[in-house]
1. What is the dipole size for the stretch 149-275, taken about its Cα centre, with +1 at each Lys and Arg Cβ and -1 at each Asp and Glu Cβ, in debye to the nearest 20?
2. Could you sort out which of LYS49/LYS322; LYS137/LYS353; LYS99/LYS353 sit more than 23 Å apart by Cα distance in this structure?
3. Could you tell me what a quarter of the Cα convex hull surface of the stretch 59-203 works out to, in nm² with one decimal place?
4. Identify all lysines with a Cα-Cα distance to LYS317 below 22 Å; exclude those on the same chain that are fewer than 8 residues away in sequence.
5. Given H placed 1.01 Å from N in the peptide plane, which residues other than close sequence neighbours of THR94 have an amide H under 5 Å from its amide H?
6. Just want the ordering: THR114, THR231, from fewest to most Cβ atoms lying within 10 Å of their own Cβ.
7. For LYS87, list the lysines whose Cα falls under 16 Å from its own Cα; do not include residues on the same chain fewer than 8 positions away.
8. Could you pull the Cα extents of the stretch 38-348 along its three principal axes, largest to smallest, in whole Å?
Amino acid sequence: MVSVLHGLLREMNLLSAFLLSSFALGSFAVPPPRPKASQALFGLVGYAKTGQGSFGDTTGGQGGKVFDVTNDQELQHAIKDKSSQKKIIYIHGTVALSKRFNIPSHTSVIGTSTGGILTSNGINVKNVTNVIIQNLKISRILDNDGITIQNSTRVWIDHNEFESDCCTGGPDKYDGQIDVVRGTDFVTVSWNYFHDHWKSSLVGNKDSLRQVDDGHLRVTYHHNYWKNEATRGPAGRFGHQHIYNNLYEDFLYQAIHSRSDNQVLVEANVFRGKCAEALSTYGLVIPMDSPNTKPEGDDEIDGFANLGAENDFGSCKVNITKKGHFTSVPYQYSLTPLSEVEQAVRQGAGIGKLRI
């Protein structure tokens, strides 16, 4: 009897040890809760996280009223609703916009799990603060930008897709995919898929507004995928842009252009396929980036560039006429190793990659 009891006790101890080790290894662990939209699997990094003064991170409409939108009328109602200072607007399916809509402060506009689609008109982020735009496809916006960010702070543009039909009709058929202008500050543009378009992203737009822009226009571009684009990946004037871990494939004319005293810090980017110029600080605005009214191009003063971690420029030319003082940023970030950038960006950029 004693030996039987000892045997039972030994088996119970073994079972207890197995269960404890299983829990320790996570075999029986309860799955973590599904993250909310504001808890994207790809976290916020860059100038939008730095914030402004005591305002802190960009959080959008986190904790605010939720709206589910399936058409233009519902979207306009959600935008105008005053019952909550914060709001999260979910876009379901395709919404054809009757006009451009202005996102208010403390708002997140997010496509549902497979991505919401906006057509006909784009988005204004104008005179506001604390805005997040995620998981949207913005397609073929004629004669205007997909997203215009103007005189605004703390803006995160993440995991979206922008496309048209490059490259017919010249530079003026469509405008920018994301333009950042008029004193805007603390912006992160991350994990977006830009493709088949002429002019992608301009930072700073008019000489007459230089006094407004100076000291602002701090933008982080990271882990974006540019494919079959012509110019402005991005083009910067008067500001500071940190450009790292992006993938450029068949960027036809000129990708990164720093001009008019602009400063860029360029790190661990990868260029593949057809390409003319990966990076230039020469002030000439090439004809392919100029209005149809200036087929010869346009002259501006040079910008500045600094190279941080090694880039893979492929077969592209690099024309750095001036090195600047912009060699570090006031936030923490981790670089994807150069050998892993291409795969990471192909797999991670664009819509349908977030758990919404």
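1. Values: 13 positive and 17 negative charges, 54 e Å.
That gives a dipole near 260 debye.
2. Pairs exceeding the cut-off: LYS49/LYS322; LYS99/LYS353.
3. Computed as one quarter of the Cα hull surface, the answer is 7.7 nm².
4. Filter leaves LYS199, LYS227, LYS274.
5. Those qualifying (amide H under 5 Å, at least 5 residues apart or on another chain) are ILE117.
6. Going from sparsest to densest Cβ surroundings: THR114, THR231.
7. Within the straight-line cut-off, LYS87 pairs with LYS36, LYS65.
8. Rounded to whole Å, the extents work out to 53, 42, 41 Å.
Computed from the coordinates by the stated procedures, all read-outs in this text should not be read as laboratory data. Treat the numbers as computed from the prediction; the structure is a model and nothing was measured. As a convention, Cβ positions derive from the backbone with ideal geometry for all residues, glycine included, and neighbour counts pool all protein chains shown.
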